[in-house]
Amino acid sequence: MDIDPTQPWGLAIDYAGRATLTESGHTIHVNVSDTSLSSVVGPDSISGTYSPVNVTAQFTETGEGGAVLRGTGRITIMPVGTDPVVPDPTAVQRAVADALTDFAASAAAYVALCARWQPDEGTEDGDGTSTDGDPAMV
């Protein structure tokens, strides 16, 4: 992923911290958000520290038979002392790389599962009972 040096987070995000980009043929959705439950970004009234910021990247790809594979990456940036989190232009890049790695691992696991699963020689009637040996059921 190319980082845009003119943007604090390395890419243009909207007012809600969202962006969409295309990487390695995938449309990836990015979200930059603080972890507080408040709508106001400010220090916590008890601890005096700012909340960490999460940068998430995620996408899904749908295949045959309704198969869906996902790729998800998340980077958490911690505040230093009592200062707010400073934008890290590499955080989105790292989250996207993690999402692509997660997707590749899921795809490899799916391929291994499919290779390992061997259907029975007989047929099943859907409730786990075999129809082998019963000519009326075949």
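The values are calculated or read from the model by the stated rules, or taken from the named source; none is laboratory data. Remember, it's a predicted structure, so these values are computed and weren't measured experimentally. As a convention, Cβ positions derive from the backbone with ideal geometry for all residues, glycine included, and neighbour counts pool all protein chains shown. Note: accessible area is taken over every heavy atom of the protein model, side chains too, but ligands, DNA and RNA are not part of it. Shrake-Rupley method; radii C 1.70, N 1.55, O 1.52, S 1.80 Å.
Out of the residues in the stretch 50-74 meeting the condition of being free of Cβ contacts under 8 Å to residues at least 40 places away in the same chain, touching a Ser or Thr at 6+ places or on another chain (Cβ under 8 Å) and open to solvent by less than 50 Å² (accessible area, probe 1.4 Å), tell me which one is farthest from GLY25 (Cα to Cα). That would be SER51. Please determine whether any residue of the stretch 81-100 is surrounded by fewer than 15 Cβ atoms within 10 Å (Cβ to Cβ) and under 12 Å from the mean Cα position of the chain (by Cα). Among the residues of the stretch 81-100, not one is surrounded by fewer than 15 Cβ atoms within 10 Å (Cβ to Cβ) and under 12 Å from the mean Cα position of the chain (by Cα), which makes the answer no. Working only within the stretch 1-42, note down all residues that are farther than 22 Å from ARG70 by Cβ, β-branched (Val, Ile, Thr) and open to solvent by 80 Å² or more (accessible area, probe 1.4 Å). Of everything in the stretch 1-42, those that are farther than 22 Å from ARG70 by Cβ, β-branched (Val, Ile, Thr) and open to solvent by 80 Å² or more (accessible area, probe 1.4 Å) turn out to be THR6, VAL40, VAL41.
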